[in-house]
Every structure is written in structure tokens, then in C-alpha cells.
Amino acid sequence: MRILNKNSKISRKGFTLLEMVLVLAIMLIMSVYLLSTFKIVNYSHLKVSKVNDMHDYASLNLNAISNKLCNATSISTGSDITCDGQLIILKGSPILPSWKMLFSWQTSLKFTTYPDSRTVKVEINLVDPSSGTSYHDETIVYCPGCTDMASVSGAGSVNFSYEVKDS
């Protein structure tokens, strides 16, 4: 039996080597799970962000096209509104020229006219080749002033004209 002095206390506080290795192993396993979860969340956020940007781009272009077509007096197959694979082109100039610098989406337009109801269906398809993400949007434009509307089905471009009426 040992006799201890009041002044000399033996302290056995601290971690053993086995405990330290065990803690490091547990931390390593947990960090793998945390990093993989972070990667999945980050990828999901990126995909949602791309689809949101595609939606905005499609909506802006469809609104611009709708504004032009709703006041038209005649619609036929032509090249006033067309697509060059990346941008929507209206009468030879891009509707949204700054988007070409930001995105490399493949863009396609499809027009379908319904002369009986004086409506034009406009479809836009966007594909991001780098990620394979795609987006499709469409709108139907009523053209009350269209007296001459050719039957256009699935055309990639459409021609329209205005007739100024004196009031």
C-alpha cells in the first residue's frame, strides 16, 4: 500500500493512444458522410438554379414574341422571328443579346398557327449540352387583327406584318 502525501497528488487525466486513434477514425468516417451530403446538396442547388435561369430566359423571349405577334395583321412562314441555335432573333437582331455571353444553351423554336381561332402556338426548347438539363415552355398568342394567317405547322421561324390603320 502506498502512502500519499497531501502535497503530491498523482493525476491520471488525459487520453490514451487507443482513444485518440478511435476518435480520429470516427471523425474520418463522419467527414466522408458530411462531404458527400454537401456535394449532393450543392449539385441539386446547381440544377435547380439552371432550370430557373432557363425558365426566366424562355419567359422573357416568349413575352417578347407574344408582344410582336398579338398586333400582327398577317402571319406566314418566314424569317422575322427565328432561332440561330443559341438566340432568338427578331427581324435580324437578337431579342436578348447579352444572354449569349452567359449561357451556351441550344435553343429551338416551333410555331403552329390555327387560322380558325386566330391563334399562334409558340414553343421554345432549351438544352444545356454541358449538363444535359432541358426546359420546354410554350404559349398561345391570340392575334385579333390577323386577317391573313397561313397554316404554319412546326416551323422554326415565322413571318409577320403590321398594317397601320388611320383612326
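The values are calculated or read from the model by the stated rules, or taken from the named source; none is laboratory data. As the structure is a computational prediction, the values presented were derived from the model and not from experiment. In this analysis, Cβ positions are derived from the backbone assuming ideal geometry, glycine residues included, and neighbour counts consider all displayed protein chains.
Inside the stretch 69-85, can you point out the residues that are under 18 Å from TYR162 (Cα atoms) and surrounded by fewer than 18 Cβ atoms within 10 Å (Cβ to Cβ)?
Answer for the stretch 69-85, where residues must be under 18 Å from TYR162 (Cα atoms) and surrounded by fewer than 18 Cβ atoms within 10 Å (Cβ to Cβ): CYS70, ASN71, THR73, SER74, SER76, THR77, GLY78, SER79.
The set of residues in the stretch 98-125 being closer than 16 Å to ILE65 by Cα and in contact (Cβ under 8 Å) with a residue 24 or more places away in the chain consists of THR107, SER108, LEU109, LYS110, PHE111, THR112, THR113, ARG118, THR119, VAL120, VAL122, ILE124.
Filtering HIS45, HIS55 for residues that are surrounded by 12 or more Cβ atoms within 10 Å (Cβ to Cβ) and on the phi < 0 side of the Ramachandran plot leaves a single hit, HIS55. Annotation for the stretch 86-95: no member residue is crowded, with 19+ Cβ neighbours inside 10 Å, touching a residue at least 40 places away in the same chain (Cβ under 8 Å) and in a strand (DSSP E or B). Based on this model, can you work out whether SER151 counts as more than 23 Å from the chain's Cα centre (by Cα), more than 18 Å from ASP53 (Cβ to Cβ) and of a type in the set (S, T, N, Q)? Taking the combined requirement at face value, the residue satisfies it.
Residues in the stretch 133-167 that are at pLDDT 85 or above, farther than 21 Å from LEU60 by Cβ, part of a loop (DSSP other than H, G, I, E, B) and not hydrophobic (A, V, I, L, M, F, W, C): PRO144, GLY145, SER151. Here SER134 meets the list (1) hydroxyl-bearing (Ser, Thr, Tyr); (2) within 24 Å of GLY92 (Cβ to Cβ); (3) surrounded by fewer than 16 Cβ atoms within 10 Å (Cβ to Cβ) almost entirely, failing just condition (2). Please determine whether any residue of the stretch 110-129 is under 25 Å from the mean Cα position of the chain (by Cα) and in a loop (DSSP other than H, G, I, E, B). Within the stretch 110-129 (the criterion being under 25 Å from the mean Cα position of the chain (by Cα) and in a loop (DSSP other than H, G, I, E, B)), the answer is yes, since at least one residue qualifies.
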